[in-house]
1. Could you please find all residues in segment 87-123 being more than 10 Å from the ligand (Cβ to nearest atom), buried (at least 19 other Cβ atoms within 10 Å of the Cβ) and either more than 14 Å from Ile4 (Cβ to Cβ) or of a type in the set (Lys, Arg) (or both)?
2. For Thr142, all conditions in the list (1) in contact with a Lys or Arg (Cβ under 8 Å, 6 or more places away or on another chain); (2) away from the ligand (no atom under 14 Å from the Cβ) hold save one; what is the number of the exception?
3. So which residues in segment 21-80 are out of contact with any strand residue (DSSP E or B) (no Cβ under 7 Å at 6 or more places or on another chain), surrounded by fewer than 18 Cβ atoms within 10 Å (Cβ to Cβ) and not in a loop (DSSP other than H, G, I, E, B)?
4. For segment 81-117, name all the residues that are in a strand (DSSP E or B) and more than 30 Å from Arg171 (Cα to Cα).
5. Quick one: Ile217 ticks every box in (1) in contact with a strand residue (DSSP E or B) (Cβ under 9 Å, 6 or more places away or on another chain); (2) within 19 Å of Thr142 (Cβ to Cβ); (3) outside the structural domain of Asp187 (by TED's automatic domain parsing); (4) of a type outside the set (Lys, Arg) bar one, so which box is it?
6. What are the pairs, 6+ residues apart or on separate chains, where a residue within segment 66-87 that is in the same structural domain as Pro123 (by TED's automatic domain parsing) and of a type outside the set (Gly, Ala, Ser) has its Cβ under 9 Å from a residue that is within 8 Å of the ligand (Cβ to nearest atom) and part of a loop (DSSP other than H, G, I, E, B)?
7. Would it be correct to say that Lys226 is surrounded by fewer than 17 Cβ atoms within 10 Å (Cβ to Cβ) and without any contact (Cβ under 8 Å) to a residue 40 or more places away in the chain?
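The values are calculated or read from the model by the stated rules, or taken from the named source; none is laboratory data. It should be emphasised that the depicted structure is a prediction, and the values quoted were computed from it without experimental measurement. With ideal geometry, Cβ positions are generated from the backbone for all residues, glycine too; neighbour counts draw on all protein chains shown.
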Amino acid sequence: MKKIGVLTSGGDSQGMNSAIRSIVRTGIASGFEMVGIRRGYDGLMEKDFTILESKDVGDILYRGGTFLRSARSEEFRTEEGQTKAVNNLKEAGIEYLVVIGGDGSYRGAAELNKQGIKTYGLPGTIDNDIPLTDYTIGFDTTLNVVTEAIGNLRDTMSSHERVSVIEVMGRDCGDIALHAGIASGVDAILVPEIPADIQKISAKLKDGFERGKTHSIVMVAEGVGKAEDIAHQINEYSGLDTRATVLGHIQRGGTPSAFDRVFTSRMGHKVIELVEKDIYGVALGIEKNEITYHSFEEIFASEDELNQNLYKVFEDLV
Ligand code: ATP
């Protein structure tokens, strides 16, 4: 019986469990033996393998995080680490390996692919910073978590007539800030892809308060800078009472949204279809609501760009 391994790597994201469940159950239904690899590439080098039956992935669909756990591994970046991983996979008879993770995890999967393991990538990151997919696993849930947190902050900010500067995750990608900012009706969105004029934003916020607004929210993607510094600058320019909030790791938590559950279930199904067709060395994505796949090389050669049209939508709303 052919064996398929599955692991989660890098930062965890809501929906990874749902993806594992789908891969395992579809794989079993198609006659494969499914092997879970714990703690990402570390577990691969340490042979931390476990056979997964259908019941083992019960009760995880609605849980955030990853029950296989995740890790960042320095050793795996080395040639020796990768050789160890390849030898362990071959010894265990695992011919195919599904890696759920971000860009770094994809690079690791691409290396293994070059060394004879048939690998697949699923975009497991809340940041939505992977090219050739409209959404990554957990992004939608994170937007809901951020939007709810902002709703709670809004209540207190409004009582004290303050400007709230909220820092969200995303590294060099402004997608969380842009999408959650629109969903929350914020007054300004600062993203790494578009230079911002803090002085101009401050003047606009001041004008808003003079017209009777009781609170304002400025959304900052972490790649732009620290919320504390930006809050300070706004206060200097406008004299308004400003407060900085860093949402931090709560953004990775929460039960996966229905969207994340459905889309990961579809991806898990597709990856088994690709195994059956013996197509490998690819990462899956969702484009225009179709589950698609591209070679790792194509993904590495592509840029993930901010949706400028969406930014324009925001600009016309404030
Ligand atoms: P996230 O976007 O959530 O941080 P990620 O997959 O990008 O996820 P990384 O820490 O960059 O997270 O990568 C995860 C692991 O993948 C690393 O700890 C390392 O073991 C492996 N990895 C990263 N880059 C490479 C590379 N160039 N070659 C081989 N392995 C790599």
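1. Scanning segment 87-123 gives Asn88, Asn113, Lys118.
2. (2)
3. Of everything in segment 21-80, those that are out of contact with any strand residue (DSSP E or B) (no Cβ under 7 Å at 6 or more places or on another chain), surrounded by fewer than 18 Cβ atoms within 10 Å (Cβ to Cβ) and not in a loop (DSSP other than H, G, I, E, B) turn out to be Ala29, Ser54, Lys55, Asp56, Glu75, Arg77, Glu79, Glu80.
4. Ile94, Glu95, Tyr96
5. It fails just one condition, (3).
6. Final answer for the pair search is Thr66/Asp12; Thr66/Ser13; Arg69/Asp12; Arg72/Ser9; Arg72/Gly10; Arg72/Gly11; Phe76/Ser9.
7. Working: surrounded by fewer than 17 Cβ atoms within 10 Å (Cβ to Cβ): yes; without any contact (Cβ under 8 Å) to a residue 40 or more places away in the chain: no.
So Lys226 does not fit the description; no.
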